[in-house]
Each structure stands twice: as structure tokens, then as C-alpha cells.
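What follows is calculated from the coordinates using simple rules that are stated; it is not laboratory data. Everything quoted here is computed from the prediction, not taken from an experiment. Methodologically, a virtual Cβ is constructed for each residue, glycine included, from the backbone with ideal geometry; neighbour enumeration extends over all protein chains shown.
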Amino acid sequence: MSEGKWKDWALAAGAGLAWACAFPPVTFLPAAWLAPALLLAATRAAPGRAFRLGLVAGIAHYFTTLAWVLYIPVAPGNIAGWLALSTYCSVYPAAWAALCWYLFPGNLEKPIGEALADLSFCKRLGWGASCALGWVALECLRGWVITGFPWNYLGASQLEFTRLAMLAQFTGVLGVSAVVAWGSVGGLLLVCRWRNEKKFEPSMLKELAGPAALLAVAVGLGSYALAQPLGAKRDELKIALIQPSIPQTVLWSGNPEDQHNRFAQLMDLSDIAVDKNPDLLVWPEAAVPPLSLLDPEVVALRLEKLNAALREKKIWRVWGADRRSEEGEPLNSSVLINPEGEVLANYSKQHLVMFGEYVPFGEELPFLKKLAPVSNFARGKGPVVFDMGRAKMSVIICFEDVVPHLARRAATPEVDFLLNLTNDGWFGKSHQQWQHARSAAWRANQ
């Protein structure tokens with residue numbers, strides 16, 4: 001392979017790594033504004049070659065940003081999941097690069113600066129807008145195909161750019177992605193023309209006219225959203241969140257001592273919380289250990305003591321617990337329990353984690369189910385409103401808080417707040433928890 005071709009592949013990989021810097025652990029917001037431009041510059045070629053270069057960029061990006069999958073303490077399923085998920089996601093930037101250069105109205109045989117100079121301003125503007133729309137369309141597709149994986153959208157990197165981020169109230173985070181993508185492509189057009197002319201002229205700034213106009217509208221709408229008064233305060237709710245810190249391998253350990261210690265820690269923390277007189281006691285995702293491995297007398301004694309305190313202080317509960325469907329399949333669930341100990345509602349996770357809680361096409365090809373690092377769960381139905389009387393909530397579990405349409409459906413007019421039960425301990429001290437937290441914050445923006 002010639003030196004020039006090696007350089008092309010290296011530039012593509014570099015573009016993918018620069019894109020990764022927009023998200024934790026680096027979290028450099030300007031990197032998102034550079035990423036689409038760098039990706040286009042690194043993949044300038046006929047659509048077929050652009051796809052291959054884009055795939056290299058995608059691999060560099062996703063194999064680093066999704067490396068937290070390797071922290072799941074279940075080998076080799078974690079490795080298989082990381083390879084499969086990262087490779088699958090890499091197809092999307094590859095498709096985007098191929099689409100953009102397929103739509104390019106100029107002569108790809110010429111240097112990019114000359115090819116752009118031959119085009120009218122309207123064609124250059126139209127191409128930039130088409131690239132931005134293509135980016136958003138493919139992000140939307142990634143969030144939908146095979147149940148979807150809407151993780152680390154380009155716009156999600158702009159959380160601290162508050163006036164732009166608040167555009168999500170009107171368009172969702174994909175609207176922010178459109179602003180960033182078009183701004184990046186517009187900047188590429190400006191730089192290419194500048195390099196071609198070998199001098200800067202103020203007239204070149206018109207390459208940014210479309211992106212700048214869109215940014216102005218977006219910031220204006222975001223500023224309007226920020227200026228709106230908050231709703232009138234209706235009541236207060238004191239919530240106690242129980243957060244055990246245990247090794248993830250304990251969750252499926254068959255050792256009765258491990259499960260006893262897990263149960264004891266959960267109960268000890270709950271007793272401490274109850275002393276603070278909360279209105280609601282919340283246990284996290286999959287918090288309840290397998291009771292069959294516990295001493296029934298100890299369980300009965302501890303639960304009776306806790307139930308008596310909850311009943312006396314009129315404390316409600318939302319507990320995360322694994323359940324079984326009517327067909328015997330495992331469900332990742334939560335339950336609402338009133339102070340008298342009655343289960344009033346339950347909700348099971350609808351959006352399962354691809355290559356984590358299920359494997360695509362596992363029903364058609366059962367041997368693929370072995371690739372799931374944890375288990376193959378069944379999907380629940382929802383949304384389900386948990387009604388405490390004083391307040392109503394919708395529960396979403398784990399990664400469901402990064403799925404825009406699912407969270408929107410859960411936030412019905414009668415609901416006062418969304419409650420997310422999650423266990424990011426699966427991924428240790430990796431950057432996953434920070435990526436998750438930033439993605440979840442966009443549901444509040446919406």
C-alpha cells in the first residue's frame with residue numbers, strides 16, 4: 001500500500017478519535033463541531049471508498065467510546081458484545097460519508113477547493129444542508145433499528161451550551177445535532193475555499209450563512225425556553241435513594257453468604273433512610289437478591305421490622321426486582337408498594353440493551369443468545385403510571401432514560417416526574433456512567 005493511501009486511513013482513524021473527544025472521559029465540546037468536517041475531509045473519495053474510510057473512522061470512534069462494555073465482568077460475552085456493538089455503530093458514519101460524497105455536486109477528480117469553487121453558492125449551501133440532514137437521519141435510524149441504540153448523539157455533547165441545548169424542548173436532541181453538523185460542514189467549506197484561494201476574503205464567510213442562521217434560530221428558541229417561568233410549586237416530596245455498593249459478580253453468585261451480605265446491606269441502608277422520614281423509599285435496579293438463597297427467618301424478621309416502620313411513617317416504596325413473565329422469561333422490573341405493603345403497580349423494562357440484555361435476531365437464531373453477557377430478558381409493556389396519591393411518576397429503567405421517544409411517552413400530562421432505576425456498577429469506574437448521566441440530562445431538557 002502506498003504512503004498516500006496509508007495516510008488516508010490514518011486521517012480517517014484520527015477523525016474518529018477526535019470525534020470521541022467530544023464525549024466523556026475527555027468531554028471537549030468543540031470536538032463535536034470539528035467531527036463531521038474532519039470525517040468528510042478524511043473520506044473525500046468515490047462513495048465506495050468513502051464508505052470504507054468512514055468505517056475506519058467509525059471503528060476508531062466507537063471502539064474507544066464504547067470500551068466500557070469490556071468492564072462487564074462476564075467474559076467472553078463482554079468482548080463479543082463490545083466487538084459487535086462497536087462494529088455495528090461504525091456502519092453509520094461510514095454510510096454518512098458515502099452518502100455525502102455521493103450527493104456532492106462537484107467533480108471529485110479535482111482537489112476539493114477547486115471543485116467547490118466551480119459550484120454556485122446555492123449548490124454549496126444545499127450540499128452542506130444535505131450533509132447535516134443526512135447526519136440527523138442516520139442518528140435517528142441508529143436510535144430506531146433493532147430497537148435502537150441512541151447513545152452519544154452528536155448534539156448530546158453540547159449539554160453545557162445551555163441556550164443551544166434548550167432547543168431540545170422543541171426538536172429533541174436531534175435538532176441540536178443538526179445545528180452542530182451543519183455548522184461543521186459550513187466551516188469545512190470555508191476552510192477549503194480559503195486554502196484554494198490562498199488568502200482570506202470576507203465574502204467567504206457567506207459559507208457560514210446557512211449554519212449561522214440556523215444557530216441563531218436555535219439559540220433564540222433556547223433562550224425563549226430558558227426565560228419561561230417555572231410551574232407553580234404544588235407540593236414537596238422527600239425521596240430516599242438506596243445505593244448499595246457491591247461487586248457485580250455478587251448479583252448472580254450462588255453463594256448464600258454473598259446473598260446474605262447483599263440483603264443485609266440493603267436492609268441496613270433502608271433502616272438508616274427510614275429514620276430520615278422520607279415520603280418515598282427507592283431501591284435501585286435489580287436490587288432484591290434471590291430469596292431462595294437466604295435464611296427465611298432472617299428475611300422475615302428484617303422485612304417485618306422494615307414494613308412496620310414504613311407503615312407507621314406512611315412511607316411508599318419503589319423497588320427494583322427481577323420478575324418472570326407468564327411464559328417464565330426474566331423481566332427487569334420495578335414495583336410500587338404502598339405503606340401497608342400492597343403492590344399497586346409494576347413496570348418491566350421495555351427497551352433492552354442490545355448485545356447486553358438481548359442479542360438481535362436471537363429468536364430466529366437461538367445460538368446467538370449465548371453472546372449476551374448477562375442474560376436474555378423479555379420486554380415489558382408501558383408506560384405505567386405509579387400513583388402515590390400525592391404525586392404520580394413513571395419509572396424508566398437503566399438505559400431507557402437515553403431513549404427520547406420512550407421517555408416522552410412516559411412523561412404523560414398527569415405525571416409529576418420520571419424516576420430512573422439503574423445499576424451502572426456493571427461498568428465499574430469506566431466512563432460509561434458519565435456518558436449515561438449526560439445523555440439522561442437531555443430528557444430534562446425535553
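For the peptides 122-128, 390-396, 342-348, 322-328, the ranking by packing is 390-396, 122-128, 342-348, 322-328, with the highest mean count of neighbouring Cβ atoms within 10 Å listed first. For the range 388-397, backbone phi angles converted through the Karplus equation (6.51, -1.76, 1.60; θ = phi - 60°) give residue-by-residue couplings of 8, x, 5, 8, 10, 9, 10, 9, 10, 10 Hz, Gly and Pro being listed as x. Computed over the chain with a Gaussian network model linking Cα atoms closer than 10 Å, the most mobile of R195, R52, R44 is R195. The Cα center of the range 213-262 and the Cα center of the range 291-332 differ in position by 23 Å. Only helices enter the 222 nm calculation for the chain: every DSSP H run of n ≥ 4 contributes -39,500 (n - 2.57), and dividing by all residues gives -16000 deg cm²/dmol, rounded to 500.
Neighbours of R302 by Cβ distance under 13 Å: Lys/Arg scored +1, Asp/Glu scored -1, total -3. Using Cβ point charges alone (K and R +1, D and E -1), the dipole size of the range 239-445 about the Cα centre works out to roughly 580 debye. When the square roots of the Cα gyration tensor eigenvalues are ordered a ≥ b ≥ c, the ratio a/c for the range 239-445 is 1.5 or more and a/b does not exceed b/c, which makes its shape oblate. Membrane-span-like helices in the chain (whole DSSP H runs, Cα extent of at least 15 Å along the helix axis, mean Kyte-Doolittle hydropathy of at least -0.5): 3-20, 30-42, 47-65, 77-103, 121-142, 173-197, 209-227, 296-313. Packing around the peptides 221-231, 130-140, taken as the average count of other Cβ atoms within 10 Å per residue, puts them in this order, highest first: 130-140, 221-231. Scanning residues 5 or more positions from V385 or on other chains, none has an amide H under 5 Å from its amide H, with H placed 1.01 Å from N in the peptide plane.
Among D271, D416, D235, the largest mean-square fluctuation in a Gaussian network model of the chain, built with springs joining Cα atoms closer than 10 Å, belongs to D235. Descending by average beta-carbon neighbour count within 10 Å, the peptides 16-24, 248-256 line up as 16-24, 248-256, the highest first.
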